[in-house]
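Since the structure comes first, as structure tokens, the remarks are kept for the end.
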Amino acid sequence: QVQLVESGGGLAQPGGSLRLSCAASGFTFSRFAMSWAHQAPGKERELVAAITSGGSTYYADSVKGRFIISRDNAKNTVYLQMNSLKFEDTAVYYCNKWPFRSDYWGQGTQVTVSS
């Protein structure tokens with residue numbers, strides 16, 4: 001049974017930082033590309049960043065240069081380091097495989113950027 005458990009969200013000021021973690025279980029984590037997506041109120045869920053099994057990364061234009069995705073295969077965990085946060089980064093953040101699996105979405109973690 002696949003489980004993806006996100007953590008690390010919270011309240012941050014504009015320009016601040018947060019580090020999200022996603023603990024994975026139920027599959028051979030190291031073999032799969034992983035991703036982070038976000039969903040703001042009233043908007044569709046969209047890809048933020050992805051990382052292949054080999055460590056190659058992809059970022060949405062909106063976060064390029066500010067966010068860093070990484071993974072620790074020994075811990076079955078994928079991370080999202082979020083720097084220089086903006087108001088528009090406010091959303092629920094989810095991790096998933098890449099490409100997304102509709103049956104793998106977890107509860108997500110809320111990130112709120114506010115002054």
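Numbers below:
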{"item": "Filter pass, residue 114 being surrounded by fewer than 13 Cβ atoms within 10 Å (Cβ to Cβ) and either without any contact (Cβ under 8 Å) to a residue 40 or more places away in the chain or not hydrophobic (A, V, I, L, M, F, W, C) (or both)", "result": "yes"}
{"item": "Wholly enclosed strands (runs of 3 or more DSSP E) of the stretch 1-51 bearing at least 2 residues in contact with a strand residue (DSSP E or B) (Cβ under 9 Å, 6 or more places away or on another chain), within 11 Å of residue 111 (Cβ to Cβ) and of a type in the set (Gly, Ala, Ser)", "result": "10-12"}
{"item": "Residue match in the stretch 73-88 (condition: under 9 Å from the mean Cα position of the chain (by Cα), in a strand (DSSP E or B) and not hydrophobic (A, V, I, L, M, F, W, C))", "result": "yes"}
{"item": "Qualifying residue in the stretch 93-112 (condition: within 19 Å of residue 7 (Cβ to Cβ), small (Gly, Ala, Ser) and not in a loop (DSSP other than H, G, I, E, B))", "result": "no"}
{"item": "Of the criteria (1) open to solvent by less than 20 Å² (accessible area, probe 1.4 Å); (2) touching a helix residue (DSSP H, G or I) at 6+ places or on another chain (Cβ under 9 Å); (3) not β-branched (Val, Ile, Thr), which one residue 22 fails", "result": "(2)"}
{"item": "Residues of the stretch 37-58 that turn out to be free of Cβ contacts under 8 Å to residues at least 60 places away in the same chain and under 11 Å from the mean Cα position of the chain (by Cα), as a count", "result": "6"}
{"item": "First in the stretch 67-81 and under 14 Å from residue 6 (Cβ atoms) and of a type in the set (Ser, Thr, Tyr), second anywhere and at pLDDT 95 or above and open to solvent by 20 Å² or more (accessible area, probe 1.4 Å), Cβ under 6 Å, 6 or more apart", "result": "77/21; 77/23; 79/21; 79/70"}
{"item": "Test: residue in the stretch 50-71 that is polar (S, T, N, Q) and closer than 16 Å to residue 8 by Cα", "result": "yes"}
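The values are calculated or read from the model by the stated rules, or taken from the named source; none is laboratory data. Keep in mind that this is a model prediction, so the values were computed, not measured. Quick reminder, even Gly has a Cβ in these numbers, built from the backbone with ideal geometry, and neighbours come from all protein chains shown. Note: accessible area is taken over every heavy atom of the protein model, side chains too, but ligands, DNA and RNA are not part of it. Shrake-Rupley method; radii C 1.70, N 1.55, O 1.52, S 1.80 Å.
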